[in-house]
Amino acid sequence: MIGAIAGDIIGSAYEWHQIKSISFELFSPRSQFTDDTVLTVAVADCILNGKEYAATFREYGRRYPHAGYGGNFRVWLWSDNPKPYNSFGNGSAMRVSPVGFAFSSLDAVLREAERSAAVTHNHPEGIKGAQAVAAAIFLAGQGESKDRIRDYIEKISGYNLRRTLDEIRPSYSFDETCPGSVPESIIAFLESESYEDAVRKAVSLGGDADTMACIAGGIAQAYYGEIPAGIVKRVREILDPPLLAVVDRFERSCQLSAISHQRSDDRGRGGPKADG
Ligand SMILES: [Mg+2]
């Protein structure tokens, strides 16, 4: 999940100063963690500690009230009686990456992605955006090829992932809906050659840069495994320590469960699956 957070921080400097190029400074004094990071960490906390999504999003959102939430989310955050508001904004997709890393079957990933989305983004496109990103992360982590990932995501979402970034970029502009930004973020990953390249390509579309780089960065982390040490170091410096503590615990627990799966595979029989 630190790949998603790094994408948010790198993209944050370009959310309101869009660029159409992959050559830019990864970090600047404007680089900061935003709502994408805060709510991604909240999802990780729910998975780690069996907490409830709506209450936890409100806990984190109120603790970091100026992280850049959308207007409807802010109303929901402070409402006395919060109800899902039928959103299909990309908020459901930007926060979902821990689900793709933690769960051990595609069915479980799709089900949990829906649960994490539905407390606010209960519109079918809001749920679909979260499922597409979480499934891409899960499949990438399973060692599936980009072709397989693209085919599967197209099948469950109906997104057109055959477009190229060069076709999309000239007429693309800020779009914070799931259908208007999730497929483009996935294409940035599909065209990438490394973690850093995926994040640069997502930013280069000149859209909702932090969220698109967060989505592409989460999938790229699962696919490439490695994030340049210099990026991780800067991200750890920028992240608020209480958020970093959850990230570290979450990543450790995913590694441990991967090792236990590996061991049970070595013994030639399925061991218990740590489904959250
Ligand atoms: Mg943001």
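The values are calculated or read from the model by the stated rules, or taken from the named source; none is laboratory data. None of the values given here were measured: they were computed from a predicted structure. No Cβ is skipped: glycine too gets one built from the backbone with ideal geometry, and neighbour counts run over all protein chains shown. Quick note on the areas: whole protein, heavy atoms, side chains included, nothing else; ligands and nucleic acids left out. Shrake-Rupley method; radii C 1.70, N 1.55, O 1.52, S 1.80 Å.
Could you check segment 82-125 and list, in sequence order, the residues that are within 16 Å of the ligand (Cβ to nearest atom), assigned to a helix (DSSP H, G or I) and not hydroxyl-bearing (Ser, Thr, Tyr)?
Residues satisfying the conditions are GLY91, ALA93, MET94.
Given the condition among the acidic types (Asp, Glu), assigned to a loop (DSSP other than H, G, I, E, B) and either within 16 Å of the ligand (Cβ to nearest atom) or out of contact with any strand residue (DSSP E or B) (no Cβ under 8 Å at 6 or more places or on another chain) (or both), answer yes or no: does some residue in segment 28-41 qualify?
The answer is no; no qualifying residue exists.
Being closer than 19 Å to PHE189 by Cα and out of contact with any Cys (no Cβ under 6 Å at 6 or more places or on another chain) is the filter here; which residues of segment 19-36 pass it?
Passing the criteria: ILE19, LYS20, SER21, ILE22, SER23, PHE24, LEU26.
Give all pairs with beta carbons closer than 9 Å in which a residue from segment 47-72 that is polar (S, T, N, Q) meets a residue that is surrounded by fewer than 16 Cβ atoms within 10 Å (Cβ to Cβ); count only pairs at least 6 apart in sequence or on separate chains.
Pairs found: THR56/ASN49.
Here are some conditions: (1) surrounded by fewer than 20 Cβ atoms within 10 Å (Cβ to Cβ); (2) under 18 Å from GLU59 (Cβ atoms). PRO98 meets all but one. Which one does it not meet?
It fails just one condition, (1).
Check ASP210 against each of (1) in a helix (DSSP H, G or I); (2) within 14 Å of the ligand (Cβ to nearest atom); (3) surrounded by fewer than 24 Cβ atoms within 10 Å (Cβ to Cβ) and name the one condition it does not meet.
Tallying (1) in a helix (DSSP H, G or I); (2) within 14 Å of the ligand (Cβ to nearest atom); (3) surrounded by fewer than 24 Cβ atoms within 10 Å (Cβ to Cβ), ASP210 fails exactly one: (3).
List pairs: first residue in segment 134-154 and more than 8 Å from GLY100 (Cα to Cα) and part of a helix (DSSP H, G or I), second residue among the basic types (Lys, Arg) and open to solvent by 60 Å² or more (accessible area, probe 1.4 Å) anywhere in the structure, Cβ distance under 9 angstrom, at least six positions apart or on different chains.
From residues that are more than 8 Å from GLY100 (Cα to Cα) and part of a helix (DSSP H, G or I), the pairs are LEU139/ARG148; ARG150/ARG162; GLU154/ARG162.
Starting from residues that are surrounded by 14 or more Cβ atoms within 10 Å (Cβ to Cβ) and polar (S, T, N, Q), keep the ones in segment 221-259 and report whichever is farthest from PHE27 (Cα to Cα).
Residue satisfying both the conditions and the ranking: SER257.
For ALA44, indicate whether it is out of contact with any Gly (no Cβ under 7 Å at 6 or more places or on another chain), modelled with pLDDT of 95 or more and either within 25 Å of GLY141 (Cα to Cα) or open to solvent by less than 10 Å² (accessible area, probe 1.4 Å) (or both).
yes
Kindly indicate whether VAL109 is aliphatic (A, V, I, L, M) and open to solvent by 40 Å² or more (accessible area, probe 1.4 Å).
Considered against the rule, which asks whether it is aliphatic (A, V, I, L, M) and open to solvent by 40 Å² or more (accessible area, probe 1.4 Å), VAL109 comes out as no.
Restricting segment 53-81 to residues that are exposed (fewer than 13 other Cβ atoms within 10 Å of the Cβ) and within 16 Å of the ligand (Cβ to nearest atom), which is farthest from LEU244 (Cα to Cα)?
By that ranking, first place goes to GLY71.
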